[in-house]
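Here the structure is laid out as structure tokens; the discussion comes afterwards.
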Amino acid sequence: MVEAVEGLKIPSVLKEAMIYSLQAGGKRIRPILLLAVIRTFNQDTRLGLNTASALEMIHTYSLIHDDLPSMDDDDLRRGKPTNHKMFGEAAAILAGDGLLTYSFQLIAEDSALTTDQKVKLIALLARCAGPEGMVGGQVADIEGENKRLTVQELENIHVHKTGKLLIFSVLAGGIISGASENELELLERFSYHIGLAFQIQDDILDIEGSEEMIGKPVGSDESKHKSTYPSLLSMKGAKEKLQFHLDEALTALTSMPVESGLLAEIARLIVSRNH
């Protein structure tokens with residue numbers, strides 16, 4: 001992923017800013033899920049490397065923009081100064097733009113995929129990352145600040161802002177593996193519930209986690225007057241909701257015609273993580 005950016009003939013500050021955030025670490029849960037689906041279908045995981053890299057680039061771009069003063073105005077990301085603190089706002093915005101657009105180039109030029117697969121992946125990624133997905137969810141999240149949202153409104157934000165890219169990661173693995181329509185429907189159901197479980201655990205960690213582990217100050221959601229699952233349901237209620245979505249995700253896997261133990265293990269790790 002970083003090697004692909006290093007090979008680009010682009011301005012040095014842009015390359016440095018793009019690589020800085022790609023190398024900042026993180027869970028890499030989205031590319032892990034994509035490759036895990038390919039392995040579940042007994043296909044060569046190397047087929048998904050470019051798409052997995054593209055997905056992580058889009059996730060990274062979204063974090064760079066999310067941290068900007070016009071949005072969350074964060075100083076730390078993954079325990080390091082945010083991109084705009086290192087390179088300035090203009091370079092950070094353009095680094096995010098660069099990662100976003102280059103991600104589609106990576107998929108389009110992937111010789112390991114068929115033309116049909118490329119078209120399906122690019123269309124799905126645009127839908128999940130764009131105004132119908134992550135970008136729309138980010139707008140709804142901003143509009144929801146300083147408001148007491150309903151659980152349904154909060155869930156709608158998270159399905160789009162966080163969940164859609166997780167859905168893409170799982171469905172992309174299915175597309176690359178040649179999964180049937182029925183298998184793709186089961187994968188989508190699994191990923192929908194995992195996306196919500198992921199966000200609920202994030203909300204819980206914002207209260208119960210440590211700055212050292214999560215890489216940013218705890219209590220940031222409360223300080224920004226954001227509705228969260230614990231604030232709406234209580235901590236006990238949030239943990240019950242977390243378990244509900246895990247159970248639903250695992251139930252979807254039980255109907256899969258292939259051995260899905262790896263995906264179940266990842267799902268359990270998502271809800272038990274401490275960062």
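The values are calculated or read from the model by the stated rules, or taken from the named source; none is laboratory data. These figures come from a predicted structure and were not determined experimentally. Methodologically, a virtual Cβ is constructed for each residue, glycine included, from the backbone with ideal geometry; neighbour enumeration extends over all protein chains shown.
Determine which member of the set 104, 168, 87 is over 30 Å from residue 234 (Cβ atoms), touching an Asp or Glu at 6+ places or on another chain (Cβ under 9 Å), at pLDDT 95 or above and surrounded by 18 or more Cβ atoms within 10 Å (Cβ to Cβ). Walk me through how you get there before you give the answer.
Working: 104 fails: touching an Asp or Glu at 6+ places or on another chain (Cβ under 9 Å); 168 fails: touching an Asp or Glu at 6+ places or on another chain (Cβ under 9 Å).
Among 104, 168, 87, only 87 is over 30 Å from residue 234 (Cβ atoms), touching an Asp or Glu at 6+ places or on another chain (Cβ under 9 Å), at pLDDT 95 or above and surrounded by 18 or more Cβ atoms within 10 Å (Cβ to Cβ).
In the stretch 140-153, which residues are aliphatic (A, V, I, L, M) and either buried (at least 24 other Cβ atoms within 10 Å of the Cβ) or in contact with a His (Cβ under 9 Å, 6 or more places away or on another chain) (or both)? Show your work before the answer.
Filtering the stretch 140-153 for residues aliphatic (A, V, I, L, M) gives 140, 142, 149, 151.
The answer is 140, and nothing else.
What pairs come up if the first residue lies in the stretch 133-153 and is under 18 Å from residue 232 (Cα atoms), the second is among the hydrophobic types (A, V, I, L, M, F, W, C) and surrounded by 14 or more Cβ atoms within 10 Å (Cβ to Cβ), and their beta carbons are under 7 Å apart, counting only those six or more places apart or on different chains?
Once the first residue is under 18 Å from residue 232 (Cα atoms) and sits in the stretch 133-153, its partners that are among the hydrophobic types (A, V, I, L, M, F, W, C) and surrounded by 14 or more Cβ atoms within 10 Å (Cβ to Cβ) give 140/157; 141/157; 144/157; 151/232; 151/233.
Write out, first by first residue and then by second, each pair whose Cβ atoms fall under 7 Å of each other, whose residues are 6+ apart or on separate chains, and whose first residue, in the stretch 256-275, is part of a loop (DSSP other than H, G, I, E, B) while the second is of a type in the set (A, V, I, L, M, F, W, C) and modelled with pLDDT of 95 or more.
256/186; 258/41; 260/253
Please determine, by comparing only the residues of the stretch 113-139 that are assigned to a loop (DSSP other than H, G, I, E, B) and of a type outside the set (Asp, Glu), which one is surrounded by the fewest Cβ atoms within 10 Å (Cβ to Cβ). Spell out how you get there, then give the answer.
So the first thing to find is which residues in the stretch 113-139 are assigned to a loop (DSSP other than H, G, I, E, B), and the list is 113-114, 130-133.
Add one more test, that the residue is of a type outside the set (Asp, Glu), and what stays is 113-114, 130-131, 133.
On the way: 113: 20, 114: 11, 130: 13, 131: 13, 133: 23.
Step by step, filter the stretch 113-139, then rank; the result is 114.
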